Amino acid sequence: MGWLAAGDTYEVALVEGRVVARTASATSPAGGKPERTLPEEIRDRPEVLELQRFTEWLDRHAADCAAQVTNWMVSSLPVPTGLLARVWPDEAWQAALRDIVVVGAGPDEVGFLRDADERDGLRLVNPDGATVRPTAPTVTMPHPVLLPGLEELRAFAAESGVVQGVQQIHRATWTKPAGTDGSAEAVTEFAGAEYRSWFHLSSRATSLGYRVSGSSVVDTVRDGGRIVTASVGMSDPYTEEKAWTGRLAWRHEDRHRSLPLSEVGPVAWSEGMRMAAALHAGRTVPTDDAR
């Protein structure tokens, strides 16, 4: 984006996501050196305000793109290759999609997404460094607990300096222990995390992207074609001065009771444990324990 005149003295432009100004120069097409801060006399200029609004829109757009790709990944949803090709030229979409691990129709159609074109389709790079061209009309970006060869993918990423815009291969995951009591309906591993107040606990939950519903922190995911809600209980804000996390349980969308742990799928288990662990990590640490 080029420089725009903002009055007779300054020019403004977007540089690295923020509005900057420089002195207009009649003798030099390049103008003066950009100012560290916006001069006060042009802060209310329409050109500046429009650029600031545009910057805010770009930030929201980038966040929306990342959220959509995250949803595709966490839910392992099928995504049309044509759709990926159409959005790829958009820098925000490309930043969210680049190097996400994509799986096509067969076991050999796995790799990091490097390009998407409406004529040539998708271009992936597999852990051997070879180019892969998926042939299926749809692909998935699997949740890491479902990714084939996850450790190999992580090793390749480390060697190649791969940085994903949407965290996938390094997303924290949990696997259901082999000795889990399948008839039980809750996990208490992360229960009892103390917060200074219910407000602090709910703020922690929402800052992590989770919802507070009644007396629970909840996260809804798609696992194996089913919609499952993981919930972590919260203490009553009306009867307790402080707040504590409760047990972690899962519920199918069409059931009003908790699922037995034997019926909790790998994605729902991992995402529920991830939520409970994140809430536990934000607890108030007693002074004696902080030393």
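The values are calculated or read from the model by the stated rules, or taken from the named source; none is laboratory data. Just so you know, these numbers come straight off a predicted model, no measurement behind them. Cβ: placed from backbone, ideal geometry, glycine included. Neighbour counts: every protein chain shown. Side chains are part of the model used for accessible areas, which takes the heavy atoms of the whole protein and leaves out ligands, DNA and RNA. Shrake-Rupley method; radii C 1.70, N 1.55, O 1.52, S 1.80 Å.
Laid out as a table, the results:
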| quantity | calculated |
| --- | --- |
| Three-way shape label, the chain, alpha-carbon gyration tensor, a/c 1.5 | oblate |
| Per-residue ³J(HN,Hα) for the stretch 63-74, Karplus 6.51 cos²θ - 1.76 cosθ + 1.60, θ = phi - 60°, Hz, x for Gly and Pro | 5, 5, 4, 5, 5, 5, 5, 4, 5, 4, 6, 4 |
| Nearest-10 value in Å² for the accessible area of Thr140, using the 1.4 Å probe | 40 Å² |
| Whole-Å distance, taken between Cα centres, linking the stretch 206-259 and the stretch 89-149 | 33 Å |
| Probe 1.4 Å, all protein chains present, accessible-area order of Asp181, Asp8, largest first | Asp8, Asp181 |
| Nearest-10 value in Å² for the accessible area of Thr180, using the 1.4 Å probe | 40 Å² |
| Residues with amide H under 5 Å from that of His143, placed H, sequence gap 5 or more | Ser76 |
| Protein accessible area in the chain, 1.4 Å probe - carbon and sulfur % | 49 percent |
| Test item: Cα-centred dipole of the stretch 44-196, Lys/Arg +1 and Asp/Glu -1 on Cβ, debye | 120 debye |
| Relative contact order %, the stretch 116-242, counting alpha carbon pairs below 8 Å whose residues are six or more apart | 14 percent |
| Extreme residue, positive dipole direction of the chain, given options Trp88, Val232, Pro144 (C-beta unit charges) | Val232 |
| With DNA, RNA and ligands ignored, accessible area of Tyr195 (1.4 Å probe; Å², nearest 10) | 10 Å² |
| Length released on extending from Leu208 to Arg196, taking residue separation times 0.36 nm less the Cα-Cα span | 2.5 nm |
| Net charge dipole size for the stretch 1-91 [Lys, Arg +1 and Asp, Glu -1 on Cβ; Debye, nearest 20] | 220 debye |
| Extreme residue, positive dipole direction of the chain, given options Gly106, Gly246, Met273 (C-beta unit charges) | Gly246 |
| Relative contact order computed over the stretch 170-291 (Cα-Cα under 8 Å; 6+ residues apart), in percent | 35 percent |
| For the stretch 143-201: rounded, prolate or oblate by the Cα gyration tensor [a/c cutoff 1.5] | oblate |
| Accessible surface ranking that places the most exposed of His170, His252, His280, His143 first, with a 1.4 angstrom probe | His170, His280, His252, His143 |
| Net charge dipole size for the chain [Lys, Arg +1 and Asp, Glu -1 on Cβ; Debye, nearest 20] | 340 debye |
| Sequence of Asp236, Asp64 when ordered by accessible area, the most exposed leading, probe 1.4 angstrom | Asp64, Asp236 |
| Average accessible area per residue (Å²) across the chain - probe 1.4 Å, nucleic acids and ligands excluded | 55 Å² |
| Rounded to 5, percent antiparallel among DSSP beta bridges of the chain | 100 percent |
| The chain: relative contact order as a whole-number percent, Cα under 8 Å and 6+ apart | 13 percent |
| Residue-span extension gain [Gln167 to Ala24] - 0.36 nm each, minus C-alpha spacing | 47.2 nm |
| Estimated 222 nm signal from helices in the chain, with DSSP H stretches of n ≥ 4 weighted -39500 (n - 2.57), rounded to 500 | -9000 deg cm²/dmol |
| In sequence order, calculated HN-Hα J values of the stretch 234-243 (Karplus, 6.51, -1.76, 1.60; Hz; x Gly/Pro) | 10, 5, 6, x, 8, 10, 10, 6, 9, 9 |
| Under the Karplus curve 6.51 cos²θ - 1.76 cosθ + 1.60, θ = phi - 60°, whole-Hz ³J(HN,Hα) for the stretch 152-159, x wherever Gly or Pro sits | 5, 5, 5, 5, 5, 4, 5, 5 |
| Interchain or long-range residues, amide H under 5 Å from Leu122's placed H | Asp117 |
